[in-house]
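Down below is the structure, laid out as structure tokens.
The values are calculated or read from the model by the stated rules, or taken from the named source; none is laboratory data. Quantities reported herein were computed from a predicted structural model and do not represent experimental measurements. So basically every Cβ, Gly included, is an ideal-geometry build from the backbone, and we count neighbours across all protein chains shown. These area figures cover heavy atoms from the full protein model, side chains too; ligands, DNA and RNA do not enter into them. Shrake-Rupley method; radii C 1.70, N 1.55, O 1.52, S 1.80 Å.
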4 protein chains.
Amino acid sequence: MTLKLTIPEMAAYLDEVFPQVAGMFGIDAMDEDLLVMRLHANESHLRPGGTVSGPAMFSLADVAAYVATMARIGREALTVTTHCSIDFMRKPEAERDVIAHARVLKIGRSLSVTDVLLFSEGSNAPVAHASLTYAIPPRKSA
Amino acid sequence: MTLKLTIPEMAAYLDEVFPQVAGMFGIDAMDEDLLVMRLHANESHLRPGGTVSGPAMFSLADVAAYVATMARIGREALTVTTHCSIDFMRKPEAERDVIAHARVLKIGRSLSVTDVLLFSEGSNAPVAHASLTYAIPPRKSA
Amino acid sequence: MTLKLTIPEMAAYLDEVFPQVAGMFGIDAMDEDLLVMRLHANESHLRPGGTVSGPAMFSLADVAAYVATMARIGREALTVTTHCSIDFMRKPEAERDVIAHARVLKIGRSLSVTDVLLFSEGSNAPVAHASLTYAIPPRKSA
Amino acid sequence: MTLKLTIPEMAAYLDEVFPQVAGMFGIDAMDEDLLVMRLHANESHLRPGGTVSGPAMFSLADVAAYVATMARIGREALTVTTHCSIDFMRKPEAERDVIAHARVLKIGRSLSVTDVLLFSEGSNAPVAHASLTYAIPPRKSA
């Protein structure tokens, strides 16, 4: 499946639809099999001790599933999260970016399912694992 | 089960352990059966259109499960979320606070399970439904 | 919302579409707010020690969400489970039926979300808690 | 991490602790990275049309997570499922075995988290995706 947006196009689209989180996330790599995104470590989402908070990890998983879905269906601003299951497995490393590896498991007519693993940058042991469902609005040409 | 903290004690404890979200949440009511909390609607967590974002709803569900658990076991700063399943069912009303109704389903030796329903203030149709598991650290006297 | 089937109609429909589990489940009560179903304790789904297995509890939660959804939309054999999150919280009592309390949280055009609590008959402490999503096929008149 | 049981030892242990499902599942391969199990297609868990039911897929995911955990911690009959999130994404192929690919994401002192993908034999598109948490009982030597 060919992707419908390049990384710069996707980054511009994210800034447009989610201006309130502009600069919070970055896209490292994006192809048919794997999307790699990062959450820039900074004060706004840190717990005491310098580790990234659960809600900030949820945000990263959520935006990664959104980007992975948009890459396949094109810009659909009305696509919304309907479900997320997330397991928090380890404490993230202090002061490190969190990296998301997102893989789309299903793109259907009306929903997508994406698996996301989160890591502290430089580590191979996942800090969290999420599965997200996005509802895709009916499309004229679909 | 008698609760171990009053609302003012719990509010002070939240401000102490999560200073970065001070003022974001309020506790409306807290007894053995039900905890009611609110997310104050404000610019920082709004999506375009004035509705509360998914990550902000996750944050409210997460903090409500934390407060409901702390109320039963007392201050245990090392208590951490290990799992959250959340269904987003309706778009929250614009410019309204989001209200959480949290009920503890289990308090075990090593984990708690809490059910949380989220509503736009003034509405009876839930905007989201979450189940959260917290891991409780081993306690000397437990 | 008026229900579209009575208990005897629903029981007959279940026997028709799921003949392989005929006799495994019963419907105790069904109204707009709450569906009560039971899993008859018997050898086929017991763990050593006489307690009901996790898969059997999953089956009960799944069929309860199905029945609660059908009661609202009418017979739609193509309605399928797309997601289940289930927390197993306590060991069921040996040799007791398991009772499900199902509440529909959302009936949308294309999906339903149902909350299910499971109890050992005669106990108020839930043995499991589930949230299930069913995908509803497009309907001509919807 | 070296595994503590061989495939024949594990198969014998499964037959011992779950005699009621003896013959239902098989272990195809088991190493540190990946466990491959199968659910033998047969009448008892089929939906009309010859496809494997949701509860049968849940059972396979559950036993695969159990086996993957046991392989790491050794025989611990008191290890119990505490949570499962499962997404059903495609209809399984009729009359085909369902294959599970299980990967342990975390083995902690008190819990394990396992990711499981399910496929119809011979297909690369997953029919379901599950994440399971098992609670591990306190061990003397741990």
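Structure values in brief
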{"item": "Chain A - percent of accessible surface contributed by carbon and sulfur, probe 1.4 Å", "result": "51"}
{"item": "Test item: D:61-67 mean partner chain Cβ contacts at 10 Å", "result": "1"}
{"item": "Listed residues C:Val67, C:Val21, C:Val116, most fluctuating in chain C (Gaussian network, C-alpha, under 10 Å)", "result": "C:Val21"}
{"item": "Whole-number percent relative contact order across the stretch B:21-100, with pairs defined as alpha carbons under 8 Å at least 6 apart", "result": "39"}
{"item": "Shielding by other protein chains, B:85-98, mean Cβ within 10 Å", "result": "5"}
{"item": "Among A:Thr82, A:Thr69, A:Thr114, residue whose mean-square fluctuation peaks in a GNM of chain A (springs only between Cα atoms under 10 Å)", "result": "A:Thr82"}
{"item": "Filter on A:Lys106/B:Lys91; C:Lys91/D:Lys106; B:Lys91/C:Lys106; A:Lys106/C:Lys106; C:Lys106/D:Lys91; A:Lys106/D:Lys91 - keep pairs with C-alpha separation over 19 Å", "result": "A:Lys106/B:Lys91; C:Lys91/D:Lys106; A:Lys106/C:Lys106; C:Lys106/D:Lys91"}
{"item": "Total charge dipole magnitude, the stretch D:97-142, about the Cα centre, Cβ charges on Lys, Arg, Asp, Glu only, Debye to nearest 20", "result": "500"}
{"item": "Per residue value of the accessible surface for chain B (all protein chains in place, 1.4 Å probe), Å²", "result": "42"}
{"item": "Helical mean residue ellipticity (222 nm; -39500 (n - 2.57) per DSSP H run of 4+; nearest 500) of chain C", "result": "-7000 deg cm²/dmol"}
{"item": "Normalised contact order of chain A, rounded percent, pairs of Cα under 8 Å and 6 or more residues apart", "result": "24"}
{"item": "Alpha-carbon gyration tensor eigenvalues x 5, square-rooted, for the protein assembly as shown, Å", "result": "33, 27, 27"}
{"item": "On Cα atoms only, tilt of A:54-73 relative to the major axis of chain A in degrees", "result": "30"}
{"item": "Other copies of C:Asp33: label-to-label distances in nm, shortest first, labels 7 Å along the beta-carbon direction", "result": "1.2, 5.5, 5.6"}
{"item": "Under 10 Å, Cβ to Cβ, from D:Gly122 - net charge with Lys/Arg +1 and Asp/Glu -1", "result": "-2"}
{"item": "For the stretch A:1-115, size of Cβ-based charge dipole, Lys and Arg +1, Asp and Glu -1, in debye", "result": "320"}
{"item": "Rounded Å value of the spacing that divides the Cα centres of the stretch B:96-134 and the stretch C:44-104", "result": "21"}
{"item": "Solvent-accessible area buried by D and C, counting both chains, probe 1.4 angstrom, square angstrom", "result": "1700"}
{"item": "Within 10 Å of each Cβ in A:105-114, the average number of Cβ atoms from other chains", "result": "5"}
{"item": "Dipole in debye (nearest 20) - the protein assembly as shown, about Cα centre, beta carbon charges: Lys, Arg +1; Asp, Glu -1", "result": "0"}
{"item": "Farthest toward positive dipole pole in the stretch D:62-142 [+1 Lys/Arg, -1 Asp/Glu at C-beta], among D:Ala94, D:Leu117, D:Met70", "result": "D:Met70"}
